[in-house]
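Below is one structure, written out as structure tokens; the observations come after it.
The values are calculated or read from the model by the stated rules, or taken from the named source; none is laboratory data. As the structure is a computational prediction, the values presented were derived from the model and not from experiment. Neighbour counts are summed over all protein chains in view; Cβ atoms, including those assigned to glycine, are modelled from backbone coordinates with ideal geometry. To get the accessible areas, we keep the full protein, side chains included, count just its heavy atoms, and leave off ligands, DNA and RNA. Shrake-Rupley method; radii C 1.70, N 1.55, O 1.52, S 1.80 Å.
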Amino acid sequence: FDPVKWTSESESIGNGEHIISFTATVEKGWWIYSQNIAGDGPIPTKVTIHKKNDIEWNGKADEVGKAEKSHDPNFD
């Protein structure tokens, strides 16, 4: 059972560059953590893209969409 399903898509923006979008669909009762977590606590979500051929990663992963903030008692 995998409570998080990921999909991705690529959009060409010209000059051989693309924007890659990842979407997580999370089952009710489950959560994923932000990639931007400071301090001790949960492990942040990490996006890893393996380089293939002459492809370069240029930029950073931005979080877009509905974010919920709450206290996780597991990490106080």
**Message:** How much length would be gained if the chain were fully extended between Glu56 and Asp72, taking 0.36 nm per residue of separation minus their Cα-Cα distance, in nm to one decimal?
**Reply:** 2.1 nm
**Lysine pairs in the chain with Cα atoms under 17 Å, if 8 or more residues apart or on separate chains** = 7
**Prompt:** Which value, in nm² and rounded to one decimal, describes the direction-averaged projected area of the C-alpha convex hull of segment 36-76?
**Reply:** 4.3
**Item:** D (Stokes-Einstein, µm²/s), Kirkwood Cα radius, the chain, 1.306 mPa s at 10 °C
**Value:** 106
**Asked** Taking N as the number of residues in segment 1-42, what is its Cα Rg relative to 2.2 N^0.38 Å?
**Response** 1.63
**Prompt:** Any idea what the dipole of the chain comes to, in debye rounded to 20, about its Cα centre with Lys/Arg Cβ at +1 and Asp/Glu Cβ at -1?
**Reply:** 100
**the chain - percent of accessible surface contributed by carbon and sulfur, probe 1.4 Å** = 49
**Item:** Vicinal HN-Hα couplings computed from phi for segment 25-37 (Karplus, 6.51 cos²θ - 1.76 cosθ + 1.60; Hz; Gly/Pro x)
**Value:** 9, 10, 4, 4, x, 10, 9, 10, 8, 4, 7, 10, 9
**Item:** Per residue accessible area in Å² of the chain, where ligands, DNA and RNA are left out and the probe is 1.4 Å
**Value:** 99
